[in-house]
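Structure, as structure tokens:
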Amino acid sequence: MTNPPRLRVLVTGATGYIGGRLVPRLLAKGHFVRCLARNPSRLASHPWPGVEIVAGNVGDPDEARQALQDIDVAYYLVHSMASGAAFRDRDRAMAQTFGDAAKLTGVRRIIYLGGLGDPEHVHSKHLISRQEVGSCLAASGVPVVEFRAAVIVGSGSASFEMIRHITEHLPVMITPTWVNTRCQPIGIRSVMNYLIEALEHPDASGIYEIGGTDILSYREMMLRYARIRGLRRLILSLPVPLPQLSSLWVDMVTPIPSSIAHPLVESLRFEVIVRDDRALRTFSVQPTGYDDAVRLALARLAADEVETTWASSLSSLGQDQPEVDALGSFEGMLLDSRRRRVRASPQKLFEAICSLGGDEGWPAGIFLWQLRGLLDRLVGGTGMRRGRRRPRELVGGDPVDFWRVEALEAPRLLRLRAEMKLPGRAWLQFEVQPDAEGCRT
């Protein structure tokens, strides 16, 4: 196949799991890339030379039209699954607005990643919403390439992380009966290949069902994961009448809270397998098996080479957002977010943040920090004894008690990675933004 012409491509959802991996691959193919983000500062640190980043919302007609000006192909990779009971209405409205804007600006095609499932037999609100989005985009009259996938196997994928945590932490599992439901998982690398190759088929349009080479029940997926990890696991399934109860069970044994687990569990009750091999006949992608995808995901995690992480999927610190605390899940990571406005400049506030730890201590619960450090030392961890090298300044790689500086962008961001003993990985991140008033942060 000859090299495709250089295209002008818009990527929505570039701060997310799929979009963040797609952008560098588009650049490697030589395409011009524009990213639409509600908060462009969240993309400022990405090493994406030549990418144009514009501020805007896909649901705003004017902002969507501005972002789509002079664009050949647009990737639609946004959804509102974690936005409460009305997420279907929001998804439809955003897709209609974006599709209409694409039509008005002369976009040639829209490429969209949705959810796999037979519309006549699947009654999951999550999967129905994903398919409704595809229909809304196509209703604009712009040709749409809609890929439909089931479980995406990759480090950071919410579905995979749910399976991983359940299998890692429970030697004996008493599970809901949905573990016997069949699905056709697909590796993240295969998904990326489909999304990229769609640009090389200018006549491609319509729905393409994509999956890996294996059709497995969720029980088989967990047992295969256990075998790859060298774990012995016993799974017993019992009927659980309500998805809410299954969601609470997932909430208790994984980092994924019930608000995210509920739409996922609801979809797990329905068989999602490829019924039409049109994708295999149209594209040259050769999907891998489930075991190979799991091994690759685990290797990425072990080497700390995950391309898109929880930090790239956090909700934006928009100026118009209230001072509220939030607990939720983003790409398989449990997130506890706190937001406060203070009367200080960003520089002064960032200096105070960078002085935490060591002799300065921590602003609240110092006894609990010390107790955590003692418990860490009792099990062979570093504890709080390392302190810090300088009392007021930090550089990348510095130790701060049982944390280490992973990212430092003064006066905007400080991210600390935990080096204490934990059942997983953890970060403590501070983000600083000037308030619109100018005297607050």
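Here are the numbers for the structure shown:
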read-out	value
Matching option when the condition is assigned to a loop (DSSP other than H, G, I, E, B), surrounded by 12 or more Cβ atoms within 10 Å (Cβ to Cβ), modelled with pLDDT of 85 or more and in contact with a Phe, Trp or Tyr (Cβ under 8 Å, 6 or more places away or on another chain), among Leu394, Leu414, Leu356	Leu356
Tally, over region 173-205, of residues that are open to solvent by 10 Å² or more (accessible area, probe 1.4 Å) and among the β-branched types (Val, Ile, Thr)	5
Residues of region 174-217 classified as part of a helix (DSSP H, G or I), of a type in the set (S, T, N, Q) and at pLDDT 95 or above, total	2
Answer residue from region 104-156, given it is without any contact (Cβ under 8 Å) to a residue 24 or more places away in the chain and either over 23 Å from Arg182 (Cβ atoms) or of a type in the set (Val, Ile, Thr) (or both) and is least open to solvent (accessible area, probe 1.4 Å) among those	Gly106
Qualifying residues in region 397-411 (those that are open to solvent by less than 30 Å² (accessible area, probe 1.4 Å) and of a type in the set (A, V, I, L, M, F, W, C)) - the one farthest from Lys348 (Cα to Cα)	Phe402
Evaluation of Ser155 against (1) among the polar types (S, T, N, Q); (2) in a helix (DSSP H, G or I); (3) over 14 Å from Gly115 (Cα atoms) (one fails), failing number	(2)
Enumeration of residues in region 54-65 that are in contact with a strand residue (DSSP E or B) (Cβ under 7 Å, 6 or more places away or on another chain) and either hydroxyl-bearing (Ser, Thr, Tyr) or open to solvent by 60 Å² or more (accessible area, probe 1.4 Å) (or both)	Ala55
Lone qualifier among Glu266, Glu220 - being at pLDDT 75 or above and among the charged types (D, E, K, R)	Glu220
Residues satisfying the stated conditions in region 272-301, i.e. hydrophobic (A, V, I, L, M, F, W, C) and assigned to a helix (DSSP H, G or I)	Ala279, Leu280, Ala293, Val294, Leu296, Ala297, Leu298, Ala299, Leu301
Among residues of region 113-137, those that are within 15 Å of Ala93 (Cα to Cα), at pLDDT 85 or above and not polar (S, T, N, Q), counted	6
Checklist (1) part of a loop (DSSP other than H, G, I, E, B); (2) touching a Cys at 6+ places or on another chain (Cβ under 9 Å) applied to Leu422, failing item	(2)
In region 422-441, the residues that are open to solvent by 60 Å² or more (accessible area, probe 1.4 Å) and at pLDDT 85 or above	Glu431
Whichever residue in region 361-382 is of a type outside the set (A, V, I, L, M) and touching a residue at least 24 places away in the same chain (Cβ under 8 Å) and, among such residues, is surrounded by the fewest Cβ atoms within 10 Å (Cβ to Cβ)	Gly380
The lone exception for Pro346 - which of (1) at pLDDT 85 or above; (2) farther than 24 Å from Ala44 by Cα it fails	(2)
Yes/no for Ala303 being out of contact with any helix residue (DSSP H, G or I) (no Cβ under 9 Å at 6 or more places or on another chain), modelled with pLDDT of 65 or more, surrounded by fewer than 16 Cβ atoms within 10 Å (Cβ to Cβ) and closer than 30 Å to Ala198 by Cβ	yes
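The values are calculated or read from the model by the stated rules, or taken from the named source; none is laboratory data. Values in this document were obtained by computation on a predicted structure and should not be read as measured data. Note that each Cβ is placed from the backbone with ideal geometry, even for glycine, and that neighbours are counted across all protein chains shown. Note: areas computed on protein heavy atoms with side chains; ligands, DNA, RNA excluded. Shrake-Rupley method; radii C 1.70, N 1.55, O 1.52, S 1.80 Å.
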